[in-house]
Structure formats: structure tokens, C-alpha cells
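Below: one structure, written as C-alpha cells.
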Amino acid sequence: MDILSLVGILLGLLAILGGALAKGSSLGALWNLAAFLIVVIGTLGAALVQARTPVFLHALRIVPWVLVPPGLDRVSMIARIVGWSQLSRKEGLLGLEAASEEETDPFVRKGLQLLVDGTEPQVLRQILESDLDNRESFDLQGARVFESMGIYAPTLGIIGAVMGLMAVMQNLADPSKLGNGIAAAFVATIYGVGLANLLFLPVANKLKGIVQARANYQMMLLEGLAAIAEGENPRNIENKLSGFVQG
């Protein structure tokens, strides 16, 4: 669990709800169906128009990373790579076949299988780099879905405000309808700006950071597997990969 993300979300809610109460407003005043439809549903619609179906679905799959990031234990992985290196020196690359079959991570399993198949180090590097680049690009596209929502939401908030004022202008003769129109105008602005700056944009930036960290982790793994393919000494491999621990 990412405590910082959880605390950030709670503080964002506290800022809005607590600020409303501190200003003498009620929490009920923050709810307006018309503003919700215009801003939230409108923003979702704009994101659906922009994103391809696989990208949008992938964005939904990776958004839990904000609270529960994928495990990236570099120290443990370096120890495993060194162990694979030692095993390959004792039993040959075919000795890694059992480790390959037991591996659950597709990227790791593919790398080990390439070693078992006797793939040349340069070819192994090219194949894994291609996989890494494609995965990173796809993950970043998913993160940008939330970034786009952070761009659209304030604009939809402005549209909601204008529509609320239009309703007010059309009902100047009926004071009973003025309150709802003015409320929709202001609440729509709060929804648009608040969601963009307290949710969508922070989520997008958090996901981008996680994607970059994950790519760095996989690059470390790639370097380790390539070093095994090249027959490097296990101690040298450990020293080479230790620089990734701070990433």
C-alpha cells in the first residue's frame, strides 16, 4: 500500500469538504446532479473518444498501482540473477530451464527461456529491449488517459458554469429557480478544477513515475540476463547491477 497516495487523496477530500464547512456552506451544497453530468460524464466521454479501447481498458487495469504499486524488489532480483549466473556456470544454460518453467513474470520467463535456447547475447538484448520499450509505451498511454481527463475536466467545468448561468438568465422572472442555476454554475467549476488537480493529474503523474520505475527494474533484469548470456563472472554481474538499486 502506498501510504503517500492514500494520505494525499484524504487530504484532497479534507481540503474540499473542510473548506466548504469553514466557509459556512453545507456538504449538501457540493452535490449537484446537473454539474455531475456535465463534468464527470462529459470528461469520461471525452476520454473515451480520445483513447483506443485497449488503451482505455489498460488504464483501468493499472490505476490500482496508485495505491498498490507493483513489487519491484531490486535487491532480491539481483540475488536471483546472481544465483542464475552461478547455476549456469555449474550446469550450463540448460540448467536454467527449471527456473524458467517456475517463473510467473512473463518478461523474466521469456528472458530465461532465451538463455536456455542459447540465444546470442546481442539478439537476446534486442528481443528484450523491444518488449521493454513496447510495454513501457503502452503503460504510458494508459497513464495519459488520466492526464487527458485532467485537461478536459476544467473545460467541462467552465461549460457547466456557463450552462448554469444560462439557466439563471432564462428564469430571472422565477426567483425559485435561480438558486439551482447558480449552484450548478459554481459546483460545476469546483468539480472540474477539483477533479483535475486533486485526482486526474496527480494519478497520471504517479502512474508515469511507476511506469518509469518498472522500466528501470526491467532494464536491470535485461542487463543481468545479457551478462549471463555473455558468461560474465557472478561477482561482476552483482557489482554491475548494484547501481540500479538506487533507481
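Read-outs: derived from the displayed coordinates by stated rules, not from any lab. If you're wondering where the values come from, they're calculated on a predicted model, not measured in any experiment. Glycine also receives a Cβ, built like all others from the backbone with ideal geometry; neighbour counts cover every protein chain displayed.
Among the helices of the chain, those built from whole DSSP H runs whose Cα atoms reach 18 Å or more along their own axis and whose mean Kyte-Doolittle hydropathy is at least 1.0 are 3-22, 178-195.
Centroid-to-centroid, using Cα positions, the stretch 109-152 and the stretch 194-220 are 16 Å apart.
Projecting the Cα atoms of VAL63, GLY28, THR43 onto the charge dipole of the chain (Cβ charges, centred on the Cα centre) puts GLY28 farthest toward the positive pole.
Using a simple charge model, +1 on the beta-carbon of Lys and Arg, -1 on the beta-carbon of Asp and Glu, nothing else, what dipole does the chain show about its Cα centre, in debye to the nearest 20? So the magnitude is around 900 debye. Modelled spin-label separation between ASP131 and GLN50, with each label point placed 7 Å from Cα along the Cα-to-Cβ direction: 3.2 nm. Residue separation of GLU102 and VAL245 scaled by 0.36 nm, minus their Cα-Cα distance, works out to 49.0 nm of gained length. Taking each residue as 0.36 nm, the span from LEU21 to LEU94 lengthens on full extension beyond its C-alpha to C-alpha distance by 19.5 nm.
Only helices enter the 222 nm calculation for the chain: every DSSP H run of n ≥ 4 contributes -39,500 (n - 2.57), and dividing by all residues gives -24500 deg cm²/dmol, rounded to 500.
A crude spin-label estimate for the pair ALA79 and MET166, with each label 7 Å from Cα along the Cβ direction, gives 6.4 nm. Placing a label point 7 Å from the Cα of GLU120 along the Cα-to-Cβ direction, none of the residues of the stretch 200-225 has a backbone N under 16 Å of that point.
For the stretch 39-105, the list of trypsin sites (Lys or Arg not before Pro) that fall in a loop by DSSP and count at most 14 other C-beta atoms within 10 angstrom reads ARG52.
The listed peptides 22-29, 136-143, ordered by packing as a protection proxy, come out as 136-143, 22-29 (highest mean of other Cβ atoms within 10 Å first).
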